[in-house]
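Report on the following structure.
The values are calculated or read from the model by the stated rules, or taken from the named source; none is laboratory data. Predicted, not measured: the structure shown is a model, and the values here were computed from it. Cβ sites come from the backbone with ideal geometry, for glycine too, and all protein chains shown count toward neighbours. What goes into the accessible areas is simple: the full protein's heavy atoms, side chains included, and nothing from ligands, DNA or RNA. Shrake-Rupley method; radii C 1.70, N 1.55, O 1.52, S 1.80 Å.
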Amino acid sequence: MAARSACDLAITAKEKVKHQKNGNVHRYVYYRCTHKRRDCQNSPVRSELVEKQLLELLGEFAPPAELVSRFREELLAAESRDSCENESVISELKDKISTLENRQKLLLGSYLDQDIDRQTFLAKKLEISRTKRDLEENLRRVQQDQNCWLEPARNLWLEPVAQK
């Protein structure tokens, strides 16, 4: 028997959807040989079996429990620190936005009292509006991205480990 190259062995996936008369829909994924070589006799395998076998294989490479525990503690501490830092940044941005809103009110009052002319009013209003818009965008970004860099690690280390 001749040695097979990596190009001779390839696997593909196929999704099958089954519709039942009662309206239920079942989706199955099957992995099989691409039959690039005609002598392959293996039948398709469901994804659940492949995933179970992969988890068993990867389970052999799991880090020691002590290391996992320590890493979880460090991750939770980092998350707590970031949360405090984000709260202070959010508070600061909200204060700046509030200050700009007050400046807008004072500017309008000055214009209505005819202390400043229309061109000065419009120029200052535009400047304040742009700055406020930028700060509001930064605030939205900070609120959305809180601890986003921790999300992959959280999913890996803090979520329950899959049962074997």
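Over the chain, with the other protein chains present, what is the accessible area per residue in square angstrom, probe 1.4 angstrom?
On the way: 13410 Å² over 164 residues.
On a per-residue basis, the chain sits at 82 Å².
Pop a pseudo-label 7 angstrom from the Cα along the beta-carbon direction at both H35 and L57 and give the gap in nm to one decimal.
Label at H35, label at L57, 2.4 nm between them.
What are the lysines whose alpha-carbon lies under 16 Å from the alpha-carbon of K124, with same-chain residues fewer than 8 places away excluded?
Output for K124: K105, K132.
What distance in nm lies between label points placed 7 Å from Cα along the C-beta direction at Q144 and E15?
Between Q144 and E15, the simple spin-label model gives 2.6 nm.
Quote the FRET efficiency, to the nearest 0.05, computed for S69 versus F121 with a Förster distance R0 of 45 Å and r equal to the Cβ-Cβ distance. Don't skip to the end; give the middle numbers.
On the way: r = 62 Å, r/R0 = 1.38.
Calculated value: 0.15.
At 1.4 Å probe size, with the rest of the protein present, what percent of the exposed accessible area of the chain is carbon and sulfur atoms?
Working: 7010 of 13410 Å².
Carbon plus sulfur share of accessible area: 52 percent.
Which pairs in the list K14/K36; K21/K52; K96/K125 are over 20 Å apart, alpha-carbon to alpha-carbon?
Working: K14/K36 16 Å; K21/K52 31 Å; K96/K125 16 Å.
Going by Cα-Cα distance, K21/K52 fall outside the 20 Å limit.
All other residues with a Cβ under 10 Å from the Cβ of Q104 taken together, and with Lys, Arg as +1 and Asp, Glu as -1, what is their net charge?
Working: positive: R103, K105, K124, K125, K132; negative: E101.
In short, +4.
Given a cut-off of 21 Å, what percent of all Cα-Cα pairs of the chain lie beyond it?
Tail fraction, whole percent: 74.
How compact is the stretch 73-154 by the rule of thumb for globular proteins, expressed as Cα Rg over 2.2 N^0.38 Å? Could the numbers behind the result be given before it?
Details: Rg = 18.6 Å, N = 82, 2.2 N^0.38 = 11.7 Å.
My calculation over the Cα atoms of the stretch 73-154 gives 1.58.
Identify the residues of the stretch 134-155 with backbone N under 20 Å of a label point that sits 7 angstrom from the Cα of S88 along the Cα-to-Cβ direction, or state none.
From the stretch 134-155, the list is 138-150.
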